[in-house]
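The values are calculated or read from the model by the stated rules, or taken from the named source; none is laboratory data. This structure is a prediction, so every number in the text was calculated from the model and none was measured. A quick note on method: Cβ atoms are made from the backbone with ideal geometry, for glycine too, and the neighbour counts reach across all protein chains shown.
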Amino acid sequence: MQSRFVFFIITILFFFTACSDLKNIEENKTNLISNVSLSGEYFGNQTWSGNIIITGDVTMHGDLKILPGTRIYFLVSDDTRSGQEVGADGFNDNDPTRLLEYTKSHSELTIKGKLTAIGEDYNIIFTSKSKVPKFADWVGIKVEHDNSIIENCIVEWSRNGIVIKGNQSSTLVKNNIINNTFWGGINIDDSSPKIYNNIINEAGHEGIDVQAGYPDIRHNHITNSKTGIVVLGGLPTIINNTMLRVGKGIHSLEGIKINKSGNIFSFAINKNWTYENFSYYLHTI
């Protein structure tokens, strides 16, 4: 009788262990996604390749790996009809892209797990699907997990470019080309990533925006932007960056301390960045 009881207990333990192992395998497995259209929320890890068409807001709750040669196209639409309005701040009050209707009609990619996007010769591309792309055709890429890597990618025709959000000290954004961003090319939201050797061209707000945190910003090349780097909080390190044809080089709120050295500036003549009937203007006297 006792041996049967022991056998029963062992069987039960084996059953629960097997279920637990299967659950872990299911949670940790990676699905290969290629040449598909995506919209909505996804759980588990994914690897993307080929051509990915984003038709609405995509939220990845697991890790996302993007293989070299992948192109991510954003339709100028959002079939999820989701989004949040950005508050007026005295600068963007009349900007239609800050309003709820814009975010409900334009797509965003949010990665809550780790993002690994390492291209070869800039052959991972995030871009508009429009035949005639324009500023703010899509919202942007939001990365929320530390140890992410975005390297040798092209990001173009978005509103926000790349947003690094939350407690991240090891995330790396390196050797990317970020073109034609209506707001900021790289946006740091209370985070401390490493931002190295990126080329940022045509940004209606700034090349790099620092809201808070301790980011390390070095050797970036920013051109044709309203401001090179804006610092509204935190304690960034800004070293050996080149900012050409900008309205201002580095703009910070009064009292903010910045560890900066070796930065090069040249200043722009009149420029503007336009979405529909609204423009951000740069006037140099």
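Checked against (1) of a type outside the set (Phe, Trp, Tyr); (2) free of Cβ contacts under 8 Å to residues at least 40 places away in the same chain; (3) surrounded by fewer than 16 Cβ atoms within 10 Å (Cβ to Cβ), Ser77 passes all but a single condition, namely (3).
Condition check ((1) over 23 Å from Cys153 (Cβ atoms); (2) of a type in the set (A, V, I, L, M); (3) touching a Leu at 6+ places or on another chain (Cβ under 8 Å)) across all residues:
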| site | (1), (2), (3) |
| --- | --- |
| Thr55 | no, no, yes |
| Asp79 | yes, no, no |
| Asp93 | yes, no, no |
| Thr97 | no, no, no |
| Leu109 | no, yes, no |
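Report yes if Leu235 is farther than 13 Å from Ile186 by Cβ, assigned to a strand (DSSP E or B) and over 17 Å from the mean Cα position of the chain (by Cα), otherwise no. Considered against the rule, which asks whether it is farther than 13 Å from Ile186 by Cβ, assigned to a strand (DSSP E or B) and over 17 Å from the mean Cα position of the chain (by Cα), Leu235 comes out as no. For the range 169-185, a tally of residues being closer than 15 Å to Leu115 by Cβ and either assigned to a strand (DSSP E or B) or within 13 Å of the chain's Cα centre (by Cα) (or both) returns 5. Within the range 112-126, residues that are over 11 Å from Pro68 (Cβ atoms) and small (Gly, Ala, Ser) sit with their Cβ atoms under 9 Å from residues that are assigned to a strand (DSSP E or B) and modelled with pLDDT of 95 or more, at 6+ positions apart or across chains, in these pairs: Gly113/Asn45; Gly113/Met60; Gly113/Leu64. Within 19 Å of Thr171 (Cβ to Cβ) and out of contact with any helix residue (DSSP H, G or I) (no Cβ under 8 Å at 6 or more places or on another chain), is that true of Ile250? The answer is no for Ile250.
Just wondering, is there one or more residues in the range 254-267 that are modelled with pLDDT under 95, closer than 25 Å to Glu144 by Cβ, in contact with a strand residue (DSSP E or B) (Cβ under 8 Å, 6 or more places away or on another chain) and surrounded by fewer than 16 Cβ atoms within 10 Å (Cβ to Cβ)? Checked the range 254-267: at least one residue is modelled with pLDDT under 95, closer than 25 Å to Glu144 by Cβ, in contact with a strand residue (DSSP E or B) (Cβ under 8 Å, 6 or more places away or on another chain) and surrounded by fewer than 16 Cβ atoms within 10 Å (Cβ to Cβ). Within the range 254-285, the set of residues being within 24 Å of the chain's Cα centre (by Cα) and assigned to a loop (DSSP other than H, G, I, E, B) comprises Ile258, Glu276. Residue under question is Leu244, and the condition is that it be at negative phi and part of a loop (DSSP other than H, G, I, E, B); does it hold? Answer is no for this residue. Give the residues of the range 194-226 that are crowded, with 24+ Cβ neighbours inside 10 Å and either of a type in the set (Gly, Ala, Ser) or within 15 Å of Ile258 (Cα to Cα) (or both), sorted by residue number. Residues satisfying the conditions are Ala203, Gly204, Gly207, Ile208, Val210, Pro215, Ile217, Ser225.
Kindly evaluate Lys104 against the criterion of being loosely packed, with under 15 Cβ neighbours inside 10 Å, more than 25 Å from Val230 (Cα to Cα) and modelled with pLDDT of 95 or more. Before the answer, list the steps.
Details: loosely packed, with under 15 Cβ neighbours inside 10 Å: no; more than 25 Å from Val230 (Cα to Cα): yes; modelled with pLDDT of 95 or more: yes.
Considered against the rule, which asks whether it is loosely packed, with under 15 Cβ neighbours inside 10 Å, more than 25 Å from Val230 (Cα to Cα) and modelled with pLDDT of 95 or more, Lys104 comes out as no.
Could you grab me the full set of residues in the range 59-89 that are closer than 16 Å to Ile150 by Cβ and among the hydrophobic types (A, V, I, L, M, F, W, C)? Walk me through it before giving the result.
Residues of the range 59-89 closer than 16 Å to Ile150 by Cβ: 60, 63-72.
Selection gives Met60, Leu64, Ile66, Leu67, Ile72.
Among the residues of the range 139-158, write down those that are of a type in the set (Ser, Thr, Tyr) and more than 18 Å from Asp190 (Cα to Cα). Break it down stepwise before answering.
Filtering the range 139-158 down to residues of a type in the set (Ser, Thr, Tyr) leaves 148, 158.
Across the range 139-158, the qualifying residue is only Ser158.
Flag: Ile177 matches the condition of being within 23 Å of Ile72 (Cα to Cα) and either surrounded by fewer than 17 Cβ atoms within 10 Å (Cβ to Cβ) or in contact with a strand residue (DSSP E or B) (Cβ under 6 Å, 6 or more places away or on another chain) (or both). Of all the residues in the range 187-220, those that are within 18 Å of Arg245 (Cβ to Cβ) and either in contact with a helix residue (DSSP H, G or I) (Cβ under 8 Å, 6 or more places away or on another chain) or in a strand (DSSP E or B) (or both) number 8. Considering (1) in contact (Cβ under 8 Å) with a residue 24 or more places away in the chain; (2) surrounded by fewer than 19 Cβ atoms within 10 Å (Cβ to Cβ); (3) farther than 26 Å from Pro96 by Cβ, the lone condition that Asn241 does not fulfil carries the number (2). The number of residues in the range 268-285 that are free of Cβ contacts under 8 Å to residues at least 60 places away in the same chain and either aliphatic (A, V, I, L, M) or surrounded by 18 or more Cβ atoms within 10 Å (Cβ to Cβ) (or both) comes to 5.
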